[in-house]
Number of protein chains: 2
Amino acid sequence: MHQLRSNLRNEKSNKILLIVLDGVGGLPFPKLTELEAARTPNLDKLAKKSETGSHVPVLNGLTPGSGSAHLSLFGYDPLSFDIGRGILEALGLDVEVTPYHLSIRGNFSTVKEEKKKLIVTDRRAGRLSNQENKRIVKILKQKISKIDNIKVDFISGIEHRFVCTLKFSKKLNSSECLVADTDPENEGMEPIYPKNLNKNSLKVSKIINKLTILIRNSLSKEKKANYALLRGYSVYPLIPTFNQLYKMKTASIVTYPMYKGISKLVGMTSLNVPGSSISHQLETLKKGYKKYDFFYFHIKKTDSYGEDGNFKKKTGVIEDFDKILPDIIKLNFDVLAITGDHSTPARMKSHSWHPVPVLINSKNSFYGTSKRFTEKECQKGTLGLFEGKYLMNFLLAHAEMLSKFGA
Amino acid sequence: MHQLRSNLRNEKSNKILLIVLDGVGGLPFPKLTELEAARTPNLDKLAKKSETGSHVPVLNGLTPGSGSAHLSLFGYDPLSFDIGRGILEALGLDVEVTPYHLSIRGNFSTVKEEKKKLIVTDRRAGRLSNQENKRIVKILKQKISKIDNIKVDFISGIEHRFVCTLKFSKKLNSSECLVADTDPENEGMEPIYPKNLNKNSLKVSKIINKLTILIRNSLSKEKKANYALLRGYSVYPLIPTFNQLYKMKTASIVTYPMYKGISKLVGMTSLNVPGSSISHQLETLKKGYKKYDFFYFHIKKTDSYGEDGNFKKKTGVIEDFDKILPDIIKLNFDVLAITGDHSTPARMKSHSWHPVPVLINSKNSFYGTSKRFTEKECQKGTLGLFEGKYLMNFLLAHAEMLSKFGA
């Protein structure tokens, strides 16, 4: 599909804005979903004039991670491009990574020793402060700089999160990094041994085990952050850039490292946002408007509150977005699309596989099918229920940026 | 799918009529679509008793040409069978083509010389009369019969259209014909040089350039048709016939050359229609009824008026068709299907990617979901939103011509 779409790309250049309300899809809880419960007069008005539908992020019944769900929204087949959490975090933190690097996502955590066994008592070390995080990372940087001639580095993230990179003397392929995550996913359990998941990954497995032991030894005197759980071991993926695929200058307007990471991975310019609110993002959008053709505008909090099971606060974020929508509409994009990367129903407190509403507003929209931007109303639209990877086809079509296929 | 479907084809023989209202799908303009605005009491009545749905002609977001959209309706994967405009026009004009022939679609056009450059002033030479077209083609036939031992022929089409065939001494493959169209698509511009689009097509590129120069020299004294723009260079495609795929005797009832071309390409018998109206086509249908199992009945004008942006006239063609529908129903086909090949919304004045309504009437229909044959009403039907290439599966199923799959 990549080749076909690139071949059809014509010379036109129109402005497209893709707004992703992370995890916006919900379930009735008990009667209404988050989108149904929210008071959204501006979204309602826009929905009536827009083409609507729903997307299945990856495949029927599969619950996606944020990375794969986003790849899908950007028009990549998420089943062909598997991207690890480590690389996304690393890119998001502006860490320099190359094909020689293995990137690992780490969580500082608390363990206790019990009958010569380690037991995880807090997987997030009480969500330590960013300052504390920096202090711990400094210790690790001093104590662990090499393992078997492999250069090791540590980079602070938010709260309990950090990234560790290992620089090898040769390029790694992804099969060499298939090693078990050490996070047991539950407290009161032992960390998992980072065993190799195939023959090729034995070497990396041994190094990660050494790394785990070195980290434990370096932090054993800490009260909270006395251990680190590791996961998402990943190499730099080979992925065509957004510009290669679509011939567009693209910018991302995001506030969370991981989403910055994924946008940079596909070659977007990540614009500086002067604060963490949607208003700050809008400011950045206005500033960058002239310079780029395609904007990816990511709102995180809908997902966070969904994960917390906080129906009311998730609804609140949707309402906050609605208040700012008129200012976005005023910018007069040729194509304005609103959707989520996946559903995060407050009722489930987690990502889910349920379809996500989609709205596309352009002069070529088939409008008049949906009264609101909700799961049920969007399902009535003419975009139908489609796999997320086709969203970019629709956006390019609405922007008149694809030529006719075939004679 | 071809093989699977052929394997399941049983011994039954039932009569199927597929009516294609070209480009029938529309957009609200401003409130109703063409199908919604049309007064269609007979279609409405039929829709209530039929199974309905919508088809995506080629792929989500891709706007198809007529050729690829039709291949899809006929059950071929349009992404696997790429058929050029030249061959479709040639077949439609009853020109004999073989695997040794390269077929080219030409437009007589007007150019002027400005500072030693040619500028296209009218891409259609004022839509010259068929008589004028014949006079010009006669000149070309006399003056250009060979280029480098390759036999050249010219055949008149309608108005400014013609076909040129080049007969090579060996079979050509499609990559040898990947050469740039010379039509700049806009007036006030220079014709495009027919450059080779890959290494294999250099030879054909040079010949087409010579052809362009020879045509220009032969016509330089003409006032209107003093040039020709060339496109759709195509070889004879290898494509299984309708009879091979479905074991049916098939006939097409069409009035436009291109559609005659595509129906012949898939092995249909193109029946003679004594005039250009839908009534004339009905007459042909009645006459041929006994002799064939499957009829492809093509109505062109919905698309033409859509392309012109003439909402009212497009609506009028739909109403004209509605008036004749009771006579078609009386013929009592086992399966009667009505759809379009793609959408041509008057609002867009062009083909589009939007889904197209489908209606299938047979004794096996799941009816009762749709009140009319419109985009919105058909979307409620049990056929759902499906890729056009699956239409033939549904028609064969309704005709009880496929055996059970699997044990």
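The values are calculated or read from the model by the stated rules, or taken from the named source; none is laboratory data. All values reported here derive from a predicted model rather than from experimental measurement. With ideal geometry, Cβ positions are generated from the backbone for all residues, glycine too; neighbour counts draw on all protein chains shown. What goes into the accessible areas is simple: the full protein's heavy atoms, side chains included, and nothing from ligands, DNA or RNA. Shrake-Rupley method; radii C 1.70, N 1.55, O 1.52, S 1.80 Å.
Quick notes on this structure:
- In the condition set (1) farther than 23 Å from residue A:404 by Cβ; (2) within 14 Å of another protein chain (Cβ to nearest Cβ), residue B:232 is compliant with all but (1).
- Being surrounded by fewer than 23 Cβ atoms within 10 Å (Cβ to Cβ) and touching a residue at least 40 places away in the same chain (Cβ under 8 Å) is a property that holds for residue A:279.
- When B:34, B:51, B:11 are checked against the criterion of being over 25 Å from the mean Cα position of the chain (by Cα) and modelled with pLDDT of 95 or more, a single residue qualifies: B:51.
- All positions within segment A:150-162 that are open to solvent by less than 80 Å² (accessible area, probe 1.4 Å) and not in a loop (DSSP other than H, G, I, E, B): A:150, A:152, A:153, A:154, A:155, A:156, A:161, A:162
- For segment A:224-233, the set of residues classified as open to solvent by less than 40 Å² (accessible area, probe 1.4 Å), touching a Lys or Arg at 6+ places or on another chain (Cβ under 7 Å) and not aliphatic (A, V, I, L, M) consists of A:227, A:232, listed by residue number.
- Filter result (facing another protein chain (nearest Cβ under 10 Å) and surrounded by fewer than 19 Cβ atoms within 10 Å (Cβ to Cβ)) within segment B:347-387: B:350, B:380, B:384, B:386
- Qualifying residue in segment A:252-260 (condition: within 22 Å of residue A:76 (Cβ to Cβ), of a type outside the set (Val, Ile, Thr), touching a residue at least 24 places away in the same chain (Cβ under 8 Å) and in contact with a Leu (Cβ under 6 Å, 6 or more places away or on another chain)): yes
- Segment A:302-335, residues that are in a loop (DSSP other than H, G, I, E, B) and of a type in the set (A, V, I, L, M, F, W, C): A:331, A:333
- The numbered conditions (1) free of Cβ contacts under 8 Å to residues at least 40 places away in the same chain; (2) closer than 19 Å to residue B:301 by Cα; (3) open to solvent by 20 Å² or more (accessible area, probe 1.4 Å) are all true for residue B:68 except (3).
- Scope segment A:5-31; condition within 14 Å of another protein chain (Cβ to nearest Cβ) and either without any contact (Cβ under 8 Å) to a residue 60 or more places away in the chain or among the charged types (D, E, K, R) (or both); matching residues: A:5, A:7, A:9, A:11, A:12
- Residue in segment A:328-337 that is open to solvent by less than 20 Å² (accessible area, probe 1.4 Å) and touching a Pro at 6+ places or on another chain (Cβ under 7 Å) present: no
Results for (1) more than 9 Å from every other protein chain (Cβ to nearest Cβ); (2) among the hydrophobic types (A, V, I, L, M, F, W, C); (3) without any contact (Cβ under 8 Å) to a residue 12 or more places away in the chain; (4) open to solvent by 10 Å² or more (accessible area, probe 1.4 Å), shown as yes or no for each residue.
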| position | (1), (2), (3), (4) |
| --- | --- |
| B:49 | yes, no, no, yes |
| B:62 | no, yes, no, no |
| B:76 | yes, no, no, no |
| B:79 | no, yes, no, yes |
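- Residue in segment A:203-222 that is nearest to residue A:170 (Cα to Cα), counting only those that are assigned to a loop (DSSP other than H, G, I, E, B) and without any contact (Cβ under 8 Å) to a residue 40 or more places away in the chain: A:220
- Condition met for residue B:42 (away from every other protein chain (no Cβ under 14 Å) and either buried (at least 18 other Cβ atoms within 10 Å of the Cβ) or modelled with pLDDT of 95 or more (or both)): yes
Quick grid of which residues meet (1) open to solvent by less than 10 Å² (accessible area, probe 1.4 Å); (2) at pLDDT 95 or above; (3) within 30 Å of residue A:72 (Cβ to Cβ):
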residue	(1), (2), (3)
A:190	no, yes, no
A:194	yes, yes, yes
A:209	no, yes, no
A:217	no, yes, no
A:222	no, yes, no
A:235	no, no, yes
A:241	no, no, yes
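- Condition met for residue A:255 (under 28 Å from residue A:135 (Cα atoms) and open to solvent by 10 Å² or more (accessible area, probe 1.4 Å)): yes
- Residue B:83 within 9 Å of chain A (Cβ to nearest Cβ), outside any loop (DSSP other than H, G, I, E, B) and crowded, with 24+ Cβ neighbours inside 10 Å: no
- Tabulated pairs, segment B:329-348, first in contact (Cβ under 8 Å) with a residue 40 or more places away in the chain, second of a type in the set (Ser, Thr, Tyr) and surrounded by fewer than 20 Cβ atoms within 10 Å (Cβ to Cβ), C-beta under 8 angstrom, 6+ apart or interchain: B:331/B:289; B:344/B:350
- Segment B:345-361, residues that are assigned to a strand (DSSP E or B) and either of a type in the set (A, V, I, L, M, F, W, C) or more than 17 Å from residue B:37 (Cβ to Cβ) (or both): B:352, B:356, B:358, B:359, B:360, B:361
- Among residues of segment A:143-166 that are closer than 20 Å to residue A:221 by Cα, those with a Cβ under 6 angstrom from a residue that is hydroxyl-bearing (Ser, Thr, Tyr) and open to solvent by 10 Å² or more (accessible area, probe 1.4 Å), sequence gap 6+ or separate chain, pair up as A:143/A:218; A:162/A:156.
- Here segment B:95-124 is the region considered, the condition is being among the charged types (D, E, K, R) and either open to solvent by less than 30 Å² (accessible area, probe 1.4 Å) or free of Cβ contacts under 8 Å to residues at least 40 places away in the same chain (or both), and the residue that is nearest to the other protein chains (Cβ to nearest Cβ) is B:105.
- Those residues of segment A:395-406 which are open to solvent by less than 10 Å² (accessible area, probe 1.4 Å) and either at the interface with chain B (Cβ under 7 Å from one of its Cβ atoms) or modelled with pLDDT under 95 (or both), in sequence order: A:396, A:397
- Within segment B:136-149, the set of residues being more than 28 Å from the chain's Cα centre (by Cα), open to solvent by 100 Å² or more (accessible area, probe 1.4 Å) and at pLDDT 95 or above comprises B:142, B:143, B:146.
- Filtered by the rule that a residue be open to solvent by less than 20 Å² (accessible area, probe 1.4 Å) and under 22 Å from the mean Cα position of the chain (by Cα), segment A:163-178 gives A:163, A:164, A:165, A:177.
- Answer from A:352, A:365 - the residue that is farther than 19 Å from residue B:59 by Cα and modelled with pLDDT of 95 or more: A:352
- Checked against the criterion of being charged (D, E, K, R) and under 23 Å from residue B:207 (Cα atoms), the candidates B:94, B:122, B:148, B:77 yield just one match: B:148.
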